[in-house]
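Reading through the structure tokens given below for one structure.
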Amino acid sequence: MTKVAFIGLGRMGHGMAGRYLDAGFTVAVWNRSKAKAEDLIARGARWAASPADAANGAAAVVTMVADDAASRSVWLGKDGAATTMKPGTLAIECSTVSHRHALDLSRDLRGRGFVYVDSPVTGLPDAAAAGKLTLLVGAEPADLEKARPYLVPLSTTIRHFGAVGTGTVYKLINNLMGAIQIAGIAEGLAIAEQAGLDMKLVLEAVETGVAASPQVIRHSKRMAERNFAGATFTAALRQKDAAYAVALAESLLSAPPIMGRAAVQSYDRAKAYAPDDDEGKMIEIVSRPK
């Protein structure tokens, strides 16, 4: 059976690794804490002592980690995957990283003879576990075809945006728009609460009106009810993604990204208040009366 190394077993990575087991691959897994791998090990995954150990003998190495620093470490660190990968091995980066990091990592890994595919994802943890993610791919066409057998088990949709880095560009755009919308609905609901509006009616109007979006619909009820159980995306991760997006915008646009900067500032506050809680909790900050 074909060997896959999966590195990073957070909310998304855990379900994604499980999909390779479901598809019949031989899977080696690594995570900073072994506890998150226990059920995968029980299903047949091999626990690896390091990213290098996981990557040894794998046809494809897939990573899903928090940020640039974590990505750099698991690929290029002392015990990184690149230290044991053989030339021609697929290196599939599913993490949301900065555009600059995606390009630099691609250059480093391709320089060592590996096939790099930029493939951040959209979807929630339940979609990851069910193989229903959307993959945002940046890769050479031939490299995408080589990687396709390792992408299909994760997804229902593969969007190929172009060369390496383009998948990350769109992922950052997507998550920046999400940050702006979520910060906006938090402020809008806070205004409605303090003005004494009927919140049941407000939610009905929001969810059926022209301002509705999947993000707005998903967060509005949770915010109004202050129900943040089962966090799917944290304030710290959204702040990181929005900051990466703003840095990209500042490198490409002549006008300052005013909305993006405002979203980052909102998420700076949310991160300081509750970094590892659901991002919708920012309404607890903005709803305080004057």
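The values are calculated or read from the model by the stated rules, or taken from the named source; none is laboratory data. These numbers come from a predicted model, not from an experiment. Cβ atoms come from the backbone with ideal geometry, glycine included; neighbour counts cover every protein chain shown. Ligands, DNA and RNA are excluded from the accessible area calculation, which covers all protein heavy atoms including side chains. Shrake-Rupley method; radii C 1.70, N 1.55, O 1.52, S 1.80 Å.
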Computed log₁₀ I(q)/I(0) - Debye formula, equal Cα scatterers, no solvent, region 1-71, q 0.12, 0.16, 0.20, 0.22 Å⁻¹: -0.24, -0.44, -0.70, -0.86
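Rounded to the nearest 0.05, what FRET efficiency is calculated for ALA163 and ILE258 with R0 set to 35 Å and r the Cβ-Cβ distance? Numbers along the way, then the final one.
Numbers: r = 29 Å, r/R0 = 0.84.
Taking R0 as 35 Å, the efficiency between ALA163 and ILE258 is 0.75.
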Region 231-290: C-alpha gyration tensor shape, a/c 1.5 cut-off, then a/b vs b/c: oblate
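With the Cα gyration tensor of region 15-121 in hand, convert its eigenvalues to equivalent ellipsoid semi-axes via √(5λ) and list them largest first in whole Å.
Working: eigenvalues 94, 42, 34 Å².
Values for region 15-121, descending: 22, 14, 13 Å.
Given an 8 Å cut-off on Cα distances and at least 6 residues of separation, report the relative contact order of region 192-277 as a percent.
This gives 27 percent for region 192-277.
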Distance from region 155-185 to region 1-44 (C-alpha centre basis), Å: 25 Å
The chain - accessible surface per residue (Å², probe 1.4 Å): 45 Å²
Rounded percent of accessible protein surface that carbon and sulfur make up, the chain, 1.4 Å probe: 56 percent
Value of relative contact order over region 138-194, rounded to a whole percent, pairs C-alpha under 8 Å and six or more apart: 39 percent
DSSP bridge orientation in the chain - percent antiparallel, rounded to nearest 5: 15 percent
Positive dipole terminus of region 121-201, leading residue within LEU201, HIS160, ILE182 (C-beta point charges): HIS160
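What percent do you get for the relative contact order of the chain when only Cα pairs under 8 Å and 6+ apart count? Don't skip to the answer; put the middle values down first.
Details: 555 pairs, mean separation 41.1, N = 290.
RCO, the chain: 14 percent.
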Residue-span extension gain [ARG100 to ASN227] - 0.36 nm each, minus C-alpha spacing: 42.1 nm
Acute angle (nearest 10 degrees) that the helix 258-273 long axis makes with the longest principal axis of the chain, alpha-carbon atoms: 90 degrees
HN-Hα J in Hz across region 172-180 - Karplus 6.51, -1.76, 1.60, θ = phi - 60°, x for Gly and Pro: 5, 4, 4, 6, 5, 4, x, 4, 5
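If you wrap a convex hull around the Cα atoms of region 115-230, how much volume per residue is inside, in Å³? Intermediate results must be reported in sequence, preceding the final value.
Working: hull volume 12.8 nm³, N = 116.
Measuring per residue, one finds 110 Å³ for the Cα hull of region 115-230.
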In sequence order, calculated HN-Hα J values of region 6-14 (Karplus, 6.51, -1.76, 1.60; Hz; x Gly/Pro): 10, 10, x, 10, x, 4, 8, x, 4
The chain, helix-only ellipticity at 222 nm - DSSP H runs n ≥ 4, -39,500 (n - 2.57), divided by all residues, nearest 500: -15500 deg cm²/dmol
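Taking every pair of distinct Cα atoms and averaging 1/r, then inverting, what Kirkwood hydrodynamic radius in Å comes out for region 38-93?
Numbers: mean 1/r = 0.0856 Å⁻¹.
Radius from the Kirkwood sum: 11.7 Å.
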Long pairs among LYS240/LYS281; LYS36/LYS86; LYS3/LYS36; LYS86/LYS240; LYS240/LYS290; LYS34/LYS281, criterion Cα-Cα beyond 22 Å: LYS36/LYS86; LYS86/LYS240; LYS240/LYS290; LYS34/LYS281
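Given R₀ = 51 Å, what would the calculated FRET efficiency be for ARG288 paired with LYS86, taking r from the Cβ atoms and rounding to 0.05? Write down the numbers at each step before the final one.
On the way: r = 57 Å, r/R0 = 1.11.
Computed FRET efficiency for ARG288 and LYS86 comes out at 0.35.
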